[in-house]
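Worksheet for the structure shown next.
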Amino acid sequence: MSGVELQQQFAARIRQPAEQPLLDGITAERMAVYEELFFNNIEGFISGAFPVLQRLIEASRWQRLVRSFIAEHQAHTPYFLQISQEFLAWLQQGYVAEPGDPPFILELAHYEWVELALDVSEAELAEQGWSPLSWPLAYQWPVQRIGVDFQPTTPPAEPTCLLVWRDGQDKVRFMQLSPFAYQLAACLQGGATVEAVLLELAQQHGLTVDTQYFNNAQSLLDDWQRQGIWCP
């Protein structure tokens with residue numbers, strides 16, 4: 001057996017210890033040390049990135065989730081900081097729900113991942129226009145409120161609109177947006193001009209385009225400018 005084949009068998013055993021045979025000449029006790037170290041490292045990174053989700057899922061189910069991710073997902077990066085992104089990708093593409101899983105698991109995981117993604121992003125605050133460190137988000141579930149004491153079973157009638165951004169002091173912050181403010185933020189993020197967006201949104205929402213309308217919009221934009229979210 002070549003060295004490459006030996007490494008592949010070793011990796012397969014670590015990823016799926018319950019399904020893959022032991023390598024010749026290695027005892028189960030010795031192999032268990034590698035298996036435990038590997039699993040605990042991966043699980044630690046995932047739990048650290050998704051602390052709320054981890055607390056809401058029963059311990060044995062959480063272990064099965066992590067083991068399924070390790071066994072099934074083909075990662076596209078070797079960096080530990082991006083394990084959370086790989087886990088989120090697996091949840092969105094390969095995760096199979098079990099009875100008792102929270103119905104909001106995908107959105108909560110995305111919401112928790114956003115904070116880490118912005119925290120470690122190498123992007124810089126924009127000198128003009130919408131900051132690449134400011135993300136308008138819309139969820140079916142009120143993800144910012146979910147926790148041990150609040151676990152909804154049905155989504156509210158209205159979506160939850162949020163803005164998550166990293167400020168000039170490198171602190172990740174959150175605010176809830178109205179549907180109007182979310183649409184404005186999303187359009188500005190896409191590169192649209194302020195005047196064109198405001199005229200379009202006024203038509204969509206049935207609002208009168210007058211001085212008060214533009215003053216209210218300008219107050220919102222001024223607030224975003226003060227917080228480093230948008231620069232005219």
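Can you find a residue that is modelled with pLDDT under 90 and either in contact with a Cys (Cβ under 7 Å, 6 or more places away or on another chain) or more than 30 Å from Pro142 (Cα to Cα) (or both) anywhere in the stretch 57-70?
The answer is no; no qualifying residue exists.
For the stretch 201-232, name all the residues that are within 20 Å of Ser134 (Cβ to Cβ) and charged (D, E, K, R).
Across the stretch 201-232, the qualifying residues are Asp222, Asp223, Arg226.
Between Leu133, Leu221, Leu163, which is farther than 23 Å from Leu106 by Cα, at pLDDT 95 or above and of a type outside the set (Val, Ile, Thr)?
Numbers: Leu133 fails: farther than 23 Å from Leu106 by Cα; Leu163 fails: farther than 23 Å from Leu106 by Cα.
Criteria check complete, one pass: Leu221.
Is it the case that the stretch 131-151 has a residue that's over 25 Å from Gln82 (Cα atoms) and touching a residue at least 60 places away in the same chain (Cβ under 8 Å)?
Yes.
Give Ala181, Ala196 a once-over and let me know the one that is surrounded by 11 or more Cβ atoms within 10 Å (Cβ to Cβ), of a type outside the set (Asp, Glu) and assigned by TED's automatic domain parsing to the domain that holds Ser131.
Details: Ala196 fails: surrounded by 11 or more Cβ atoms within 10 Å (Cβ to Cβ).
Result: Ala181 is the single residue among Ala181, Ala196 that is surrounded by 11 or more Cβ atoms within 10 Å (Cβ to Cβ), of a type outside the set (Asp, Glu) and assigned by TED's automatic domain parsing to the domain that holds Ser131.
Scan the stretch 201-232 residue by residue and report those that are part of a loop (DSSP other than H, G, I, E, B) and touching a residue at least 24 places away in the same chain (Cβ under 8 Å).
Taking the stretch 201-232 first, the residues part of a loop (DSSP other than H, G, I, E, B) are 206-210, 227-229, 232.
Hits for the stretch 201-232 are Gln227, Gly228, Ile229, Pro232.
Take the residues of the stretch 48-64 that are in contact with a Phe, Trp or Tyr (Cβ under 8 Å, 6 or more places away or on another chain) and of a type outside the set (Phe, Trp, Tyr): which is nearest to Asp119 (Cα to Cα)? Outline the logic, then answer.
Residues of the stretch 48-64 in contact with a Phe, Trp or Tyr (Cβ under 8 Å, 6 or more places away or on another chain): 49-50, 54.
Keeping just the survivors that are of a type outside the set (Phe, Trp, Tyr) gives 49, 54.
Details: Ala49: 11, Gln54: 20 Å.
The qualifying residue nearest to Asp119 (Cα to Cα) is Ala49.
I'd like the residue in the stretch 155-169 that is surrounded by fewer than 19 Cβ atoms within 10 Å (Cβ to Cβ) and touching a residue at least 12 places away in the same chain (Cβ under 8 Å) and, out of all such residues, is nearest to Asp223 (Cα to Cα). Walk me through how you get there before you give the answer.
Here is the first cut: in the stretch 155-169, the ones surrounded by fewer than 19 Cβ atoms within 10 Å (Cβ to Cβ) are 155-159, 167-169.
From what's left, touching a residue at least 12 places away in the same chain (Cβ under 8 Å): 155-156, 158-159, 167-168.
Values: Pro155: 30, Pro156: 28, Glu158: 25, Pro159: 23, Asp167: 13, Gly168: 14 Å.
Looking at the filtered set, the residue picked out is Asp167.
Among the residues of the stretch 66-88, which ones are within 17 Å of the chain's Cα centre (by Cα) and in a helix (DSSP H, G or I)?
Scanning the stretch 66-88 gives Val66, Phe69, Phe80, Leu81, Gln82, Ile83, Ser84, Gln85, Glu86, Phe87, Leu88.
Residue check: is Ser47 within 20 Å of Val96 (Cα to Cα) and either exposed (fewer than 12 other Cβ atoms within 10 Å of the Cβ) or at pLDDT below 70 (or both)?
Working: within 20 Å of Val96 (Cα to Cα): yes; either exposed (fewer than 12 other Cβ atoms within 10 Å of the Cβ) or at pLDDT below 70 (or both): no.
Spelling it out, it is not the case that Ser47 is within 20 Å of Val96 (Cα to Cα) and either exposed (fewer than 12 other Cβ atoms within 10 Å of the Cβ) or at pLDDT below 70 (or both).
Is there a residue in the stretch 211-227 that is surrounded by fewer than 11 Cβ atoms within 10 Å (Cβ to Cβ) and acidic (Asp, Glu)? Steps first, please.
The first filter runs over the stretch 211-227 and keeps only residues surrounded by fewer than 11 Cβ atoms within 10 Å (Cβ to Cβ), leaving 211-212, 215, 219, 226.
Now restrict to residues that are acidic (Asp, Glu): none.
Checking the stretch 211-227: not a single residue is surrounded by fewer than 11 Cβ atoms within 10 Å (Cβ to Cβ) and acidic (Asp, Glu).
Hey, could you check the stretch 109-142 for residues that are hydroxyl-bearing (Ser, Thr, Tyr) and assigned to a loop (DSSP other than H, G, I, E, B) and say which is surrounded by the fewest Cβ atoms within 10 Å (Cβ to Cβ)?
Step one: filter the stretch 109-142 for residues hydroxyl-bearing (Ser, Thr, Tyr), giving 111, 121, 131, 134, 139.
In the following step, the residues that additionally are assigned to a loop (DSSP other than H, G, I, E, B) were identified as 121, 131.
Values: Ser121: 14, Ser131: 24.
Looking at the filtered set, the residue picked out is Ser121.
Between Leu106, Leu91, which is at pLDDT 90 or above, outside the structural domain of Ile42 (by TED's automatic domain parsing), within 16 Å of the chain's Cα centre (by Cα) and not in a loop (DSSP other than H, G, I, E, B)? Full working, then the answer.
Working: Leu91 fails: outside the structural domain of Ile42 (by TED's automatic domain parsing).
Step by step, each of Leu106, Leu91 is checked, and only Leu106 is at pLDDT 90 or above, outside the structural domain of Ile42 (by TED's automatic domain parsing), within 16 Å of the chain's Cα centre (by Cα) and not in a loop (DSSP other than H, G, I, E, B).
For the stretch 199-209, enumerate the residues that are of a type in the set (Gly, Ala, Ser) and either surrounded by 15 or more Cβ atoms within 10 Å (Cβ to Cβ) or at pLDDT 95 or above (or both).
Filtering the stretch 199-209 for residues of a type in the set (Gly, Ala, Ser) gives 202, 206.
Result: Ala202, single match.
One residue is enough: does the stretch 184-200 have a residue meeting the conditions free of Cβ contacts under 8 Å to residues at least 24 places away in the same chain, more than 17 Å from Trp130 (Cβ to Cβ) and either part of a helix (DSSP H, G or I) or not charged (D, E, K, R) (or both)?
Within the stretch 184-200 (the criterion being free of Cβ contacts under 8 Å to residues at least 24 places away in the same chain, more than 17 Å from Trp130 (Cβ to Cβ) and either part of a helix (DSSP H, G or I) or not charged (D, E, K, R) (or both)), the answer is yes, since at least one residue qualifies.
The values are calculated or read from the model by the stated rules, or taken from the named source; none is laboratory data. Everything numeric here is computed off the predicted structure, so don't read it as measured data. Quick reminder, even Gly has a Cβ in these numbers, built from the backbone with ideal geometry, and neighbours come from all protein chains shown.
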